[in-house]
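Scroll down for the structure; my scribbles are underneath it.
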Amino acid sequence: MSPLDCSLSSTAALTAAWRFVDGGFGYSAPQLFVLVLDRRARVAGPVIQLYDEHQAAAPEDELLGLLVERLAETLEEQAPGGGVALMKARPGHSSVLTAADLRWCRALHRHLQAAPFSSRPLFFASDAGPRIVAPDELIG
């Protein structure tokens, strides 16, 4: 059974799911992954993978606002009462967040906090693998 077939209600289950999505092969470009979750925290559709090469240095606030709007619509239609899990990823072997990574993660966190749906802890991945973004990294 795939980690994506289990409830992602715990940090350990979510970490296993992101390790599965990550696959251990590294990244060729900056990306954002989204899992839409039903009310039981089970994946309710395919993994959404967005490439952000043109937004690598910093996300456009308007773009993230549109993403949250679309996710809210998707949840309403496909998984009422559900939420989302996100993972920001980029090429490179260091799992230390760069200034650009911090801008992305902080902007994602800000939009998720204001969203009309729940979200799981934000994750970050590099070629070294996925990890949770610590709360103190999101303050700034």
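The values are calculated or read from the model by the stated rules, or taken from the named source; none is laboratory data. As the structure is a prediction and not an experimental result, all values here were calculated from the model. Virtual Cβ from ideal backbone geometry, glycine too; neighbours counted across all protein chains shown.
Things worth noting here:
- Search result, residues across the range 87-122 that are of a type outside the set (Lys, Arg) and closer than 20 Å to residue 25 by Cβ: 87, 89, 91, 92, 93, 94, 95, 101
- Residue 50 meets the conditions (1) closer than 28 Å to residue 26 by Cβ; (2) touching a strand residue (DSSP E or B) at 6+ places or on another chain (Cβ under 6 Å); (3) among the hydrophobic types (A, V, I, L, M, F, W, C); (4) surrounded by 19 or more Cβ atoms within 10 Å (Cβ to Cβ) in every case but one. The failed one is (4).
- Count of the range 76-126 residues which are part of a loop (DSSP other than H, G, I, E, B) and touching a residue at least 24 places away in the same chain (Cβ under 8 Å): 17
- Of all residue pairs spaced 6 or more apart or on separate chains, those with beta-carbon atoms under 6 Å, a first member in the range 9-22 that is more than 13 Å from residue 87 (Cβ to Cβ) and a second member that is not acidic (Asp, Glu) are 9/41; 13/6.
- Within the range 25-39, the presence of a residue that is in contact with a Leu (Cβ under 6 Å, 6 or more places away or on another chain), at positive phi and of a type in the set (Gly, Ala, Ser) is excluded.
- Residue selected from the range 23-41 under the condition within 15 Å of the chain's Cα centre (by Cα) and closer than 12 Å to residue 85 by Cα, by the criterion surrounded by the most Cβ atoms within 10 Å (Cβ to Cβ): 37
- Screening residue 10 with (1) modelled with pLDDT of 95 or more; (2) under 16 Å from residue 130 (Cβ atoms); (3) surrounded by 15 or more Cβ atoms within 10 Å (Cβ to Cβ); (4) of a type in the set (Ser, Thr, Tyr) gives one miss only, at (3).
- Matching residues in the range 36-61 - criterion: being more than 20 Å from residue 101 (Cβ to Cβ) and in contact (Cβ under 8 Å) with a residue 24 or more places away in the chain: 36, 37, 38, 39, 40, 41, 42, 43, 44, 45, 47
- In the range 127-137, residue surrounded by the most Cβ atoms within 10 Å (Cβ to Cβ) [restricted to those that are out of contact with any Leu (no Cβ under 7 Å at 6 or more places or on another chain) and in a helix (DSSP H, G or I)]: 135
- Residue, nearest to residue 77 (Cα to Cα), within the range 13-64, restricted to residues that are in contact with a Ser or Thr (Cβ under 8 Å, 6 or more places away or on another chain) and at pLDDT 95 or above: 36
- Residues of the range 45-59 that are among the hydrophobic types (A, V, I, L, M, F, W, C) and either under 10 Å from residue 83 (Cα atoms) or not in a loop (DSSP other than H, G, I, E, B) (or both): 48, 50.
- From the list 79, 16, 44, the one residue that fits, being surrounded by 15 or more Cβ atoms within 10 Å (Cβ to Cβ) and touching a Cys at 6+ places or on another chain (Cβ under 9 Å), is 16.
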